[in-house]
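Report on one structure; see the data block that follows.
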Amino acid sequence: MIQIQHLTKRYKNTTAIRNINLTINQGEIFGIIGYSGAGKSTLLNCLNLLEKPTEGKIIVDEEDITVLSEKEIRKRRQKIGTIFQHFHLISAKTVFDNVAFSLKAAGKSKEEIHFKVPKLLKLVGLQDKANNYPAQLSGGQKQRVGIARALANDPKVLLCDEATSALDPTTTDSILHLLKEINRNLGLTIVIITHEMEVVQKICDRVAVMEAGEIVELGAVYDIFSAPKHPLTKEFVQSVQSFTLPDRLLQERKGTIVKITFRGDSAENPIISETLAHYPIMINILHGQISYINDKPLGTLIIEAIGKKSDIDAAIRFISERTKQLEVLADVA
């Protein structure tokens, strides 16, 4: 659905994004994550041509949108919906009129508007709020109006610029659930800009990690969480899955401390029980959790293995053969 080729955007002496190459597939939810200043919002603004790229191409649905005239850009932009962090609703207009605004701008008739707006409001769960004004809505309801407005002209792509950053965790979950339903029911391609790894974990199929205007890591969300490679990616993953042990535990250990990552089937198999059945060691569980990413289990466990050094080494080999991901954090003397 989207091909980004050698994309660069400069402002005078500053390069905001540099030589970005990216393919986003039709119907997927794609995340772009990075801290402030990474260039992710500039990249998003290039995708809907609010910013004109300095170099490179953006091909949306097999059309190079970077060569279009201003008139053509305005028309094509109707097929790229955008929702924003701070909603950008018109305070003096009702919910109905805020959604209708996009349809009026596209030249739709009154009949089309009065037919379509109620359907859009029902889609986002606001059918009873049509005559309310933005000031009468909660943050989550305002964002639902923004989503309805962005969907008004049947876009093929929906861009979300920090769409949940201004919301509390419970409301964030409800908006992410709504976006996932829209993706599934409408087959819409969704691109999410965020600095929150929890958002990526809950909704995205793939993710690009940005730093200093460049993509430093790219992959399926499950793979990124289970085996991050770049230091920044590891930092983002650790913000969701923190496994920092107190120094006291390391200093007082009697055995070998091991971090085990369980992927896929290994997360649901009794590997620790099998290990204890085979080797005369004791296992002390220090920390652990299982997350589900796109319905696939990903487990992390930190244990202390106590016993003879030869038995511990054999047990570690046994576990490593079955999980393929094991790290010794502190070994016996």
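Some points to look at:
- FRET efficiency for Arg10 and Glu72, using Cβ-Cβ distance with R0 set to 25 Å, rounded to 0.05: 0.55
- Radius of gyration, Dmax [the range 125-179; alpha carbons; angstrom]: 11.4, 31
- A Förster radius of 30 Å combined with the Cβ-Cβ distance from Leu50 to Ser242 puts the calculated FRET efficiency at roughly 0.25.
- Descending principal axes extents, the range 1-95, alpha-carbon based, whole Å: 43, 31, 29
- Sequence-distant contacts, meaning Cα pairs under 8 Å at least 6 residues apart, place the relative contact order of the chain at 18 percent.
- Amide proton proximity set for Ile83, modelled H, under 5 Å, gap of 5+: Leu159, Cys160, Asp161
- Karplus-derived HN-Hα couplings along the range 86-92 (A = 6.51, B = -1.76, C = 1.60, θ = phi - 60°), whole Hz, x at Gly and Pro: 9, 6, 6, 8, 8, 5, 8
- Size of the range 2-239 from its Cα atoms: along the principal axes, largest to smallest, the extents are 51, 42, 32 Å.
- Rounded tilt (10° steps) of 169-186 against the dominant C-alpha axis of the chain: 70 degrees
- Rounded to two decimals, the Cα-based Rg/Rh of the range 247-330, with Kirkwood Rh, is 0.97.
- Sites counted here are GluC sites (Glu not before Pro) in a DSSP loop (not H, G, I, E or B) having no more than 13 other Cβ atoms within 10 Å; the longest part of the chain that contains none of them is 63-251.
- Estimated 222 nm signal from helices in the chain, with DSSP H stretches of n ≥ 4 weighted -39500 (n - 2.57), rounded to 500: -11000 deg cm²/dmol
- The stretch between Leu249 and Arg322, if pulled fully straight at 0.36 nm per residue, gains 23.6 nm over its current Cα-Cα span.
- Inter-label distance for His114 and Thr170, nm, one decimal - labels placed 7 Å from Cα along Cα-to-Cβ: 3.9 nm
Each value in this text was obtained by applying a stated rule to the coordinates, not by laboratory testing. Predicted model only: the values in this text are computed from it and were never measured. Neighbour counts are summed over all protein chains in view; Cβ atoms, including those assigned to glycine, are modelled from backbone coordinates with ideal geometry.
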